[in-house]
1. If you take every residue apart from G201 with its C-beta less than 12 Å away from the C-beta of G201, what net charge results, scoring Lys and Arg +1 and Asp and Glu -1?
2. Structure shown: which of K160/K188; K302/K427; K358/K427; K203/K511; K188/K232; K282/K383 lie over 23 Å apart, alpha-carbon to alpha-carbon?
3. Once you sort the root eigenvalues of the Cα gyration tensor of the stretch 434-592 as a ≥ b ≥ c, which label holds: rounded (a/c under 1.5), prolate (a/b larger than b/c) or oblate (the other case)?
4. Rank by packing, highest mean first: peptides 150-159, 442-451, with packing defined as the count of other Cβ atoms within 10 Å averaged across residues.
5. For the stretch 241-265 and the stretch 458-481, what is the separation of their Cα centres, given in Å?
6. Give me the 1.4 Å probe accessible area per residue for the stretch 365-463, excluding ligands and nucleic acids, in Å².
7. Over the stretch 197-301, with every protein chain in place, what whole percent of the accessible area is carbon and sulfur at 1.4 Å, could you tell me?
8. Run the dipole for the stretch 365-470 about the Cα centre, Lys and Arg Cβ at +1, Asp and Glu Cβ at -1, nothing else charged, and hand back the magnitude in debye, nearest 20.
Amino acid sequence: MGSKVVSRAEEFSTLLRCLQDDQSSNSCTYEEDIHITKMNGDKLTAVNLYFANQTIFVCEKAVPKIIGLCDEINTETSNCSADNDDAEDSCDVIRTEQGPQPLTVMEARQLLSLYTLSQNPGMSAVDNNLILHPLWLRCDMSDPGGTVWFGAEIVCASNKVAGVKLYSITCKGSTVGKKSLVTLEELKQMHKNRHHSSSMGIKGSARFSLFGSTVVENTTIESHSSVTVDFKWSHVESILEIPPLSSTATLNIKVVCGDMRSPMFEMYRELEFLQTLANGLKTGETEWMEPVESTSAVNLTKVYLEELRNMAKTLQDQAAKTVETPKLKQEMDDSIFHAFLERGDLDFAEQLWVRMRKSVTSYQDISDCLKLVIEALRYGDIKPWIHRDSSSSLSKLILQSYHQQIDHVSLTGITPVIMLLEVGLDKMRKDYINYLIGEELTTLNHLHYYLSTEVDLQEQVIRLRKLHHLLEIIVTCGTFLGLPYHQQFVLTQSCLNHYKTSTYDEEHEFKLQIKPALISHFYQKEHPIMWGVEISSGQGLREVQTSLQLSDKPLVDHVIFETDFPNETVNGDIEEPAFFSATMCCSFNSFV
């Protein structure tokens, strides 16, 4: 083999090794027109079947930067301020980013050869302690087989490089009906011809959507939340067979807060008001929410205080406690949400919060309302009760009022906002505790991280948001999937443990093992959104696979398929689903 080829292989290997070792960079360029990215394999649909939890290199054609036209527009309009907005709009269109671009199949083969050659101990000096990540190359389907990916993975035995596994993935556009798909017997024969194996294992996999965007009368109701279930099983008998009840099943749960279909929507609105207050403290600017009440916050507070004064004249303090509660219930919304989280023991500060969060539209509103309350407390007009464990500044003033001694409070600057935010945090924490402990999904000890008041207010709000997200997940799965208590308990513990060490992230997908029988009525009459079969043979490092993946969406994002169906989804109300297909072949090549 020519020295130039070996030299290029070593150069390519050195570049990959530098990228692998560089913790601060995830990409680089090779020979100016090839872009290499370091990423997790689960980000690539067609690849993650085998590399979901591994770091891989991805090679693709470098996208040229489109400049000049936008600069021309800016130059031509620089002396004409009236046209600047139009120029900026034009630039926005011009700067639209292209998606990933494939290499030609020939280019991909050459890079694959350089990678393999550089890792072959017989051709170059390989450091067994610095094995490169697997390499995947996007292809443009320019060969007869329609190849969309090439891949290579170095295989080691006894800490030494033993060989390489080579992968190829071919794709087809969407087709309708089983008759247009390859049969299981044809797939077996394909594997047998390639690997000359007499003994083969077969495994099936499928994914169904249980909750998410829905189609009603040909109109798609979008949802950013989704619950899917992944099945895995052995002894596959036919393509697109329904997963048997003996399968292992895992729920993938991603819930984005704010879905109007959620029983938690009213609580979400309450949390949004609390976040508005926190943002105002942080940035100095506040975008107030549209008030729910037509009556002003000050008038609502006056009416509430007058009710308490009248009670104080006619009832004993203890009797007043039992009379106050129903007043609030009558004024609260009659949404499904309250079946989950309504409490009948809201104290004075919490009832004040309910009124103010629905009506406040300015800092002045907050200051004026709290001024009315503090004056009523100072003059002994009201004798409200509060929960013993309340920690807000207003609660402390109420306790002081029992002894006719109230500290002076200057309701200027950010003080009123802080006081109201503290009350909201107190109230909402109790709402969540009430549900989680009432449903026996956790204990106070497990909630300590989320309930701590020893951290600053901004951190308290973040932890409350985590708790809210957790509850959205539990309630969504309990309401729409009917998960039994045990499954909800396990899911609660998983979410609690996750958020103790992880940042708030609505895109995170929570996993939950489940028995297929519990959700069989959701999927057995539905079409899968993904279905796969894998045929394997060989042992250990020499195990090789041939697999078929079917999906209702394209399995690659760097090739546009010609199809009569839209790319976003090809399944709607049609009786026979349409599927995009990808066939992956794997072979082992020994270096020994």
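1. Charge balance near G201 sits at 0.
2. Numbers: K160/K188 33 Å; K302/K427 21 Å; K358/K427 15 Å; K203/K511 21 Å; K188/K232 19 Å; K282/K383 34 Å.
Where the Cα-Cα span goes over 23 Å, the pairs concerned are K160/K188; K282/K383.
3. prolate
4. Numbers: 150-159: 16.9, 442-451: 14.1.
For the peptides 150-159, 442-451, the packing ranking is 150-159, 442-451.
5. 15 Å
6. Values: 4800 Å² over 99 residues.
Value returned for the stretch 365-463: 49 Å² of accessible area per residue.
7. Result for the stretch 197-301: 47 percent of the exposed heavy-atom area is carbon or sulfur.
8. 80 debye
The values are calculated or read from the model by the stated rules, or taken from the named source; none is laboratory data. Quick caveat: nothing in here was measured; it's all calculated off a predicted structure. Here the Cβ is made from the backbone with ideal geometry for all residues, glycine too, and neighbour counts use every protein chain on show. Ligands, DNA and RNA are stripped out before the accessible areas are found, and what is left, the full protein with its side chains, is counted by its heavy atoms. Shrake-Rupley method; radii C 1.70, N 1.55, O 1.52, S 1.80 Å.
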